[in-house]
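All remarks here apply to the structure that follows.
The values are calculated or read from the model by the stated rules, or taken from the named source; none is laboratory data. Computed from a predicted structure; not experimentally measured. Glycine gets a Cβ as well: all are built from the backbone with ideal geometry, and neighbour counts include every protein chain shown.
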Amino acid sequence: MGQARDVLDKLTDTAVEMHDVDKAVSLYADNAVVMTPDAGPVKGRMKIAEYWHQFIDGFPDSHYESIAKLESNGRAVDEGYFIGTHTGELTMPSGETLPATGKKVKLRSCDIATVENGKITEHHLYFDESEFMRQLGLSN
């Protein structure tokens with residue numbers, strides 16, 4: 001296993017499985033960028049922590065079910081499912097707060113992380129926003 005694979009696995013374990021966003025964010029470089037489908041580019045550790053907190057706080061029982069893991073040239077790729085029950089408030093990209101719906105989601109996702117010197121410098125998250133909203137009961 002290479003460095004990129006090791007770091008992305010640690011991020012998933014720390015953030016999604018252990019729900020320790022602050023420890024997970026330490027795996028990002030100071031100037032890291034996370035590209036997201038809902039909030040666009042999220043720059044810097046503080047903003048990245050805020051972004052992660054919205055999911056982990058909104059889905060405190062979350063976990064990740066892996067389908068495939070790849071690594072090549074300093075990049076690690078994960079395909080799988082983010083699974084959790086929406087029992088906490090969720091901050092939407094608009095800034096509005098969505099109260100807990102009690103709905104369980106199983107959201108297929110893909111992560112691509114670029115790792116340099118043991119830190120994530122760029123992280124692309126892919127998931128279907130409309131499917132996410134449908135599973136929360138907010139759209140058809």
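Restricting to the stretch 41-64, count the residues that are closer than 20 Å to GLU131 by Cβ, within 13 Å of the chain's Cα centre (by Cα) and not hydrophobic (A, V, I, L, M, F, W, C).
6
Give the stretch 117-134 a look and list any residue that's modelled with pLDDT of 95 or more and exposed (fewer than 13 other Cβ atoms within 10 Å of the Cβ), or say none.
ASN117, GLY118
Please name all residue pairs, on different chains or six or more residues apart, with Cβ atoms under 9 Å, provided the first residue is in the stretch 43-65 and is closer than 10 Å to HIS86 by Cα and the second residue is crowded, with 17+ Cβ neighbours inside 10 Å and aromatic (Phe, Trp, Tyr).
Within 9 Å, the pairs are PHE55/PHE82; PHE59/PHE82; SER62/PHE55; SER62/PHE82.
Could you list, in sequence order, the residues of the stretch 98-111 that are out of contact with any Asp or Glu (no Cβ under 8 Å at 6 or more places or on another chain) and either more than 13 Å from GLU129 (Cα to Cα) or without any contact (Cβ under 8 Å) to a residue 24 or more places away in the chain (or both)?
THR101, GLY102, LYS103, LYS104
Only residues that are free of Cβ contacts under 8 Å to residues at least 40 places away in the same chain and among the acidic types (Asp, Glu): list them for the stretch 66-96, please.
Answer for the stretch 66-96, where residues must be free of Cβ contacts under 8 Å to residues at least 40 places away in the same chain and among the acidic types (Asp, Glu): GLU79, GLU89, GLU96.
How about the stretch 67-104: which of its residues are in contact with a His (Cβ under 9 Å, 6 or more places away or on another chain) and among the basic types (Lys, Arg)?
Residues satisfying the conditions are LYS103, LYS104.
Per-residue answers, yes or no, for (1) over 27 Å from ARG5 (Cβ atoms); (2) surrounded by 17 or more Cβ atoms within 10 Å (Cβ to Cβ):
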position: SER72; (1), (2): no, no
position: ASP78; (1), (2): no, yes
position: LEU90; (1), (2): yes, yes
position: PRO93; (1), (2): yes, no
position: SER109; (1), (2): no, yes
position: LEU136; (1), (2): yes, yes
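Identify all residues within the stretch 107-140 that are assigned to a loop (DSSP other than H, G, I, E, B) and of a type in the set (D, E, K, R); write none if there are none.
Result: ASP128, single match.
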